1. Give just the number: which of (1) free of Cβ contacts under 8 Å to residues at least 24 places away in the same chain; (2) within 16 Å of the ligand (Cβ to nearest atom); (3) not small (Gly, Ala, Ser) does Thr64 not satisfy?
2. Are any of the residues in the stretch 71-78 within 14 Å of the ligand (Cβ to nearest atom) and either closer than 22 Å to Phe11 by Cβ or surrounded by 12 or more Cβ atoms within 10 Å (Cβ to Cβ) (or both)?
3. Which residues, counting only those in the stretch 105-151, are more than 17 Å from the chain's Cα centre (by Cα) and hydrophobic (A, V, I, L, M, F, W, C)?
4. If you check every pair at least six apart or on different chains, which have Cβ atoms under 8 Å apart with a residue in the stretch 137-150 that is assigned by TED's automatic domain parsing to the domain that holds Glu49 first and a residue that is among the charged types (D, E, K, R) and away from the ligand (no atom under 12 Å from the Cβ) second?
5. Any residue at all in the stretch 104-116 that's away from the ligand (no atom under 16 Å from the Cβ), at pLDDT 90 or above and assigned by TED's automatic domain parsing to the domain that holds Ala30?
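The values are calculated or read from the model by the stated rules, or taken from the named source; none is laboratory data. Just so it is clear, the structure is predicted and the values come from calculations on it, not from any experiment. Positions of Cβ are generated from backbone atoms using ideal geometry, with glycine treated the same way; all protein chains shown enter the neighbour counts.
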Amino acid sequence: MKNEETYYTLFDLALSGENKGCDFFNALSATCDGYPEIAAFWKKMAADESDHISLLEELRASLTAEQLSLPTDPSMLWKARKVQQFSVKDTLEKIKTLDDAYERAHELESSEINTVYTFIMEALVSAEQRRSFLKAEIKNHQNKLVLFSETFGDARWRKNIVLKNSQKQLRGFVLIIIGLLCGGIATSEYLMKP
Ligand SMILES: [Fe+2]
């Protein structure tokens, strides 16, 4: 049986976290229908996560079973497990405006997800040049969000942009109310019939 505290486990957890990131950014892109440039921005963030997945998979494939069975840093395993608590569905349900989307994206990018990724690259990529390149890529990825306000607009502007999923929720709510009112009227008309 595999020891749970090894690089095997850390890779599994890191890949799961990166997949969550990729799904989240793709889902954000789908909520920005009327804003093609912002939708494209989230798509690019998702593509970066997809690259992180490929790089982790490539690295894992290049390692021996012996290397992957080595015990890893327990604090990194803890961090990687913490990322698993992030729920794409729950997070999306709470997003109403572009500012909510930006803040949640910011939280995800400042979470342990990138610390774990960088740790794996630092610990297991042997070539110094390659390690530096991968670290620079992560910084570049995070910087895109830092520059979001400059590129698109500040918090005040973002708060006024209501995203599609929340418009859908609002429409659904209105339809339920209309349904209830119509149902109520129809029922009372039926009851009042002689
Ligand atoms: Fe990532």
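1. It fails just one condition, (2).
2. Initial filter on the stretch 71-78 (within 14 Å of the ligand (Cβ to nearest atom)): none.
No, the stretch 71-78 contains no residue that is within 14 Å of the ligand (Cβ to nearest atom) and either closer than 22 Å to Phe11 by Cβ or surrounded by 12 or more Cβ atoms within 10 Å (Cβ to Cβ) (or both).
3. Across the stretch 105-151, the qualifying residues are Phe119, Ile120, Met121, Ala123, Leu124, Val125, Ala127, Phe133, Leu134, Ala136, Leu147.
4. Lys144/Lys44
5. no
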